[in-house]
Structures are given as C-alpha cells and as structure tokens.
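**Q** This is the structure I have questions about; it appears just below.
The values are calculated or read from the model by the stated rules, or taken from the named source; none is laboratory data. Remember, predicted model here, so these are calculated numbers, not experimental data. FYI the Cβ positions are ideal-geometry reconstructions off the backbone, even for glycines, and counts take in every protein chain you see. Each accessible area value is taken on the protein alone, full model and side chains, heavy atoms only, with ligands, DNA and RNA left out. Shrake-Rupley method; radii C 1.70, N 1.55, O 1.52, S 1.80 Å.
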Amino acid sequence: MTRATRVQFAYDDRYLYVAVTCVDDSGGVVAIGLGRRDEQPPTDMVTIAFDPRHDHQTGSAFQTNPSGWQGDFRQPERP
C-alpha cells in the first residue's frame, strides 16, 4: 500500500534544512521505539543521504524515526 510522503528542502548561507512528512491514516501500524544513538532500532524510519561529489563513494546519511531516535553515518573520501 502506498502512502503520501512530502519532503521539503530549504537552505541559508550556512545550513541545509530538510522536513519530511510521512502520511499514514492508520497510525496503529507505525512501528515506533527508542534505541541508543547510532544503534538502529527495528522501527519505521526516514533516511536522507547525500552524495555531494556524485561519485557514489563518499557521502553522509542521516536517519530518524517516529520516536525521535537519531542516527548518522559518513563514508569518507578515499586517498
């Protein structure tokens, strides 16, 4: 089943802002839960990933879930 998801981007001289709204009319099926930072809980989540060099080898990703858990990771440049 497909549900609407809205993603908005805004930026200023220093930051990029991302807002994600995931619409689900049956909230009882949304998996929520807490976990330690960077230890991914078995829940629904949103991941935003960036490949700023468009080389498919470097980049960063940021994750969150309905409970406010946060995770991030980075694939550094290779020498």
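**Q** For D24 and F62, calculate 0.36 nm times their separation in residues minus their Cα-Cα distance, and state this gained length in nm to one decimal.
**A** Details: separation 38, 0.36 × 38 = 13.68 nm, distance 2.18 nm.
Stretched fully, the D24-F62 segment lengthens by 11.5 nm.
**Q** Of the labelled options (1) 47, 27, 25; (2) 36, 25, 21; (3) 54, 25, 22, which one gives Cα extents along the principal axes in Å as computed for this structure?
**A** The value matching this structure is (1).
**Q** On a C-alpha basis, how far is the centre of segment 61-78 from the centre of segment 2-56 in Å? Whole number, if you could?
**A** 9 Å
**Q** Oh, and also: Can you tell me, using C-alpha contacts under 8 Å and at least 6 residues apart, the relative contact order of the chain as a whole percent?
**A** Rounded, it is 21 percent for the chain.
**Q** While we're on this one: Hand me the trypsin sites (Lys or Arg not before Pro) from segment 1-54 located in a DSSP loop with no more than 11 other Cβ atoms within 10 Å, in residue order please.
**A** Details: sites: R3, R6, R14, R36, R37, R53; in loops: R3, R14, R36, R37, R53.
Answer in residue order: R3, R14, R36, R37, R53.
**Q** Fully extended, how many nm does the chain gain between H54 and D13 (0.36 nm per residue separation, minus their Cα-Cα distance)?
**A** 12.6 nm
**Q** Another question, if that's okay. Give the calculated FRET efficiency between D44 and Q75 to the nearest 0.05, with a Förster radius of 30 Å applied to their Cβ-Cβ distance.
**A** Efficiency, rounded to the nearest 0.05: 0.80.
**Q** Also: If the only charges are +1 at each Lys and Arg Cβ and -1 at each Asp and Glu Cβ, what is the size of the charge dipole of segment 1-56 around the Cα centre, to the nearest 20 debye?
**A** So the magnitude is around 60 debye.
**Q** Rounded to a whole number, what % of the accessible area of the chain do carbon and sulfur atoms account for, probe 1.4 Å?
**A** 51 percent
**Q** Over the chain, with the other protein chains present, what is the accessible area per residue in square angstrom, probe 1.4 angstrom?
**A** Dividing the accessible area of the chain by its residue count gives 84 Å².
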